1. Any residue at all in region 85-92 that's buried (at least 16 other Cβ atoms within 10 Å of the Cβ), near the ligand (Cβ under 10 Å from one of its atoms) and under 29 Å from A237 (Cα atoms)?
2. Search region 103-117 for residues that are open to solvent by 10 Å² or more (accessible area, probe 1.4 Å) and pair each with any residue that is in a loop (DSSP other than H, G, I, E, B) and within 7 Å of the ligand (Cβ to nearest atom) when their beta-carbon atoms are under 6 Å apart and the residues are at least 6 apart or on different chains.
3. Looking at this structure, is A139 within 18 Å of V101 (Cα to Cα), within 12 Å of the ligand (Cβ to nearest atom), over 13 Å from the mean Cα position of the chain (by Cα) and not aromatic (F, W, Y)?
4. Do you know which residues across region 111-129 are part of a strand (DSSP E or B) and either within 9 Å of the ligand (Cβ to nearest atom) or small (G, A, S) (or both)?
5. How many residues, within region 299-326, are in contact with an Asp or Glu (Cβ under 7 Å, 6 or more places away or on another chain) and not in a loop (DSSP other than H, G, I, E, B)?
6. Based on this model, can you work out whether Y62 counts as out of contact with any helix residue (DSSP H, G or I) (no Cβ under 6 Å at 6 or more places or on another chain), part of a helix (DSSP H, G or I), without any contact (Cβ under 8 Å) to a residue 12 or more places away in the chain and hydroxyl-bearing (S, T, Y)?
7. Give the number of residues within region 330-367 that are open to solvent by less than 30 Å² (accessible area, probe 1.4 Å), modelled with pLDDT of 95 or more and not β-branched (V, I, T).
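The values are calculated or read from the model by the stated rules, or taken from the named source; none is laboratory data. Only a predicted model underlies this, so the values are computations on that prediction, with no experimental measurement involved. For neighbour counting, all protein chains shown are included, and Cβ atoms are generated from backbone atoms with ideal geometry for every residue, glycine included. Protein only, heavy atoms only, side chains kept; ligands, DNA and RNA dropped before computing areas. Shrake-Rupley method; radii C 1.70, N 1.55, O 1.52, S 1.80 Å.
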Amino acid sequence: EKGGYEHFMLKEIHEQPKAYRDTMRGRINAEGNQVILPELNLTKEQIKNIKNIQIVACGTAYNAGLVGRNLIETLVRIPVENDIASEYRYRSPIVSPETLVIVVSQSGETADTLAALREGHANGAHVLAVTNVVGSSIAREADSVLVTLAGPEIAVASTKAYTSQLIVFTLLALYLAEVRGTQTEAEVTAILAAMQSLPEQVEQILAQKDAIKEYAEQISKHEHLFFLGRGVDYAVAQEGSLKLKEISYIHSEAYAAGELKHGTLALIQEGVPVIALATQESVLEKTVSNIKEVKARGAVVMAITQEENVTDLLRSVDQVFVIPRTLPLLSAALSVVTLQLLAYYASLALGHDVDKPRNLAKSVTVE
Ligand code: M6R
């Protein structure tokens, strides 16, 4: 049932190219210049009237929402808030009938996320569910459902569900952009073309797994490490950190690179591993200067970047992993794969139960 893989997690990491294709299939027109999303179940008028969006979820699904926010705000210019579902209800969120509430849940059964959906409904909002399970409680109660077609996810650590959620958010953002006229056809076409290259590009990252394994074995000897990034790289850093903690039990923190010197830099000392996500050309210089700050305090830095920045980065870091060239907006769908493999191999090196980490359940149906 593990299809020849040692663990479900590794199998599911390898299923991502297929999950991307399946999640895109039928949702892009033949000309490649338009997104087709009838399941969204919103009229053009309703879409034009959306004043704000709240993306509510837990854990990895929350982290996918962080990337979703970046996509929607960049492409559609609608203000987006991210909320942790267990916090949402208790902070008296400002929700109106012109709010689109998006709940994200692989299982569709997470109690807090379901409660957030009901909170949205109680305030008259349209609730859109992004889920991997068609008949789930969340899918049944939502006003519309965009399914991720990742296939069953068995490992407790979510991998292909997260990346399929990124694909859905990209399609959704493009669709909203079309209706609201915030992107030109040429821009939409370029993004759709780049999306269609992602499955192939994920394969290229999977082919680097021996090098990632070697690096994972090194970090498995440490008790603490840090992930840094800016913008979408910060969102991916948060997911990478969660994944590592969840299955390797190594303590890590994800930091917005520029925030380090406001406290956390005090924790950086000789030999501490730092993983810097530096895929975004526009903030590369800034991230490099943050890398230099940690290097100067003795950190051992690994960076994840795109090909064209390697030479620059190699001057300031100890090791680089390269993701294939893509649009800055889409980099999360690639860089996270390196971090998934890293968490997997670190857990393996430490002899933990990769698919069933201690204290955790696949689906959290209690508050
Ligand atoms: O089924 P859901 O997407 O609602 O689950 C949410 C979280 O419990 C889940 O993503 C959790 O954080 C994962 N085990 C992380 O890998």
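1. Filtering region 85-92 down to residues buried (at least 16 other Cβ atoms within 10 Å of the Cβ) leaves 85-86, 88-89.
Add one more test, that the residue is near the ligand (Cβ under 10 Å from one of its atoms), and what stays is 85.
Now drop any that are not under 29 Å from A237 (Cα atoms), which leaves 85.
Yes, the conditions are met somewhere in region 85-92.
2. Final answer for the pair search is Q106/S158; S107/S363; E109/S363; T110/C58; T110/V364; D112/C58.
3. Working: within 18 Å of V101 (Cα to Cα): yes; within 12 Å of the ligand (Cβ to nearest atom): yes; over 13 Å from the mean Cα position of the chain (by Cα): yes; not aromatic (F, W, Y): yes.
For A139, the condition - within 18 Å of V101 (Cα to Cα), within 12 Å of the ligand (Cβ to nearest atom), over 13 Å from the mean Cα position of the chain (by Cα) and not aromatic (F, W, Y) - is met.
4. Narrowing region 111-129 to residues part of a strand (DSSP E or B): 126-129.
Once the filter is applied, which keeps residues that are part of a strand (DSSP E or B) and either within 9 Å of the ligand (Cβ to nearest atom) or small (G, A, S) (or both), region 111-129 yields only A129.
5. We begin by selecting, within region 299-326, every residue in contact with an Asp or Glu (Cβ under 7 Å, 6 or more places away or on another chain); these are 300-302, 322, 325.
Restricting the remaining residues to those that are not in a loop (DSSP other than H, G, I, E, B) gives 300-302, 322.
So the answer is 4.
6. Working: out of contact with any helix residue (DSSP H, G or I) (no Cβ under 6 Å at 6 or more places or on another chain): yes; part of a helix (DSSP H, G or I): yes; without any contact (Cβ under 8 Å) to a residue 12 or more places away in the chain: no; hydroxyl-bearing (S, T, Y): yes.
In short, no.
7. 15
For every residue, the table says whether it meets (1) in a helix (DSSP H, G or I); (2) within 25 Å of R69 (Cβ to Cβ).
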{"residue": "R140", "(1), (2)": "yes, no"}
{"residue": "P152", "(1), (2)": "no, no"}
{"residue": "L176", "(1), (2)": "yes, yes"}
{"residue": "L192", "(1), (2)": "yes, yes"}
{"residue": "Q196", "(1), (2)": "yes, yes"}
{"residue": "Q201", "(1), (2)": "yes, yes"}
{"residue": "A216", "(1), (2)": "yes, no"}
